[in-house]
1. Among the residues in region 121-141, are any at pLDDT 90 or above and out of contact with any helix residue (DSSP H, G or I) (no Cβ under 7 Å at 6 or more places or on another chain)?
2. Hey, does region 81-100 have a residue that's crowded, with 17+ Cβ neighbours inside 10 Å, under 11 Å from residue 126 (Cα atoms) and at pLDDT 90 or above?
3. Would you be able to tell me the number of residues in region 33-80 that are touching a helix residue (DSSP H, G or I) at 6+ places or on another chain (Cβ under 9 Å), at pLDDT below 75 and part of a loop (DSSP other than H, G, I, E, B)?
4. Can you spot a residue in region 149-159 that is assigned to a helix (DSSP H, G or I), within 18 Å of residue 46 (Cα to Cα) and in contact with a helix residue (DSSP H, G or I) (Cβ under 6 Å, 6 or more places away or on another chain)?
5. Residues 112, 178: which one is under 20 Å from residue 52 (Cβ atoms), in contact with a helix residue (DSSP H, G or I) (Cβ under 8 Å, 6 or more places away or on another chain) and assigned to a loop (DSSP other than H, G, I, E, B)?
């Protein structure tokens, strides 16, 4: 099990440490149950995963290759945000941020619409989720985030890499618009 030893923003230096099985048991004991997705969120997750996998299978160009690892994060970020919304240990402020991201994922009205661009349209959703997680990390216990993370990669490293790579994935104008989505809802 991975936990962070400091609580800082994505821009800070975080280190992850491994816990022993005894520590893992004590962490799990008082932390509550894993939040199970509601059927509507699970269906969205499954549809999203299928769309992305079909898209990747059809693409064979440099743009798709560069974006693929990030596009594949969409379902995992969606599930993380949906679970944070249901977790009683998450503050109202962080739930509001997570709610914005979930609504943005589901909404057909996007900065980069999936209807027009296919799964490339999830890049704005994914970058928004990374920015949101960066904020939520300052408010929510790290262990809570890790409990709800389904991704294969380390959550902190994933968010840090995505925030650094965001300008390469979308242009600066789009990044500004994505940032405005969260800034308006502070």
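1. yes
2. no
3. Residues that pass the stated criteria total 6.
4. If we filter region 149-159 for residues that are assigned to a helix (DSSP H, G or I), which is where we start, we get 155-159.
Checking the rest, the ones that are also within 18 Å of residue 46 (Cα to Cα) come to none.
Checked against the condition, which is being assigned to a helix (DSSP H, G or I), within 18 Å of residue 46 (Cα to Cα) and in contact with a helix residue (DSSP H, G or I) (Cβ under 6 Å, 6 or more places away or on another chain), region 149-159 yields no hits at all.
5. Details: 178 fails: assigned to a loop (DSSP other than H, G, I, E, B).
Answer to the selection: 112.
The values are calculated or read from the model by the stated rules, or taken from the named source; none is laboratory data. As the structure is a prediction and not an experimental result, all values here were calculated from the model. A quick note on method: Cβ atoms are made from the backbone with ideal geometry, for glycine too, and the neighbour counts reach across all protein chains shown.
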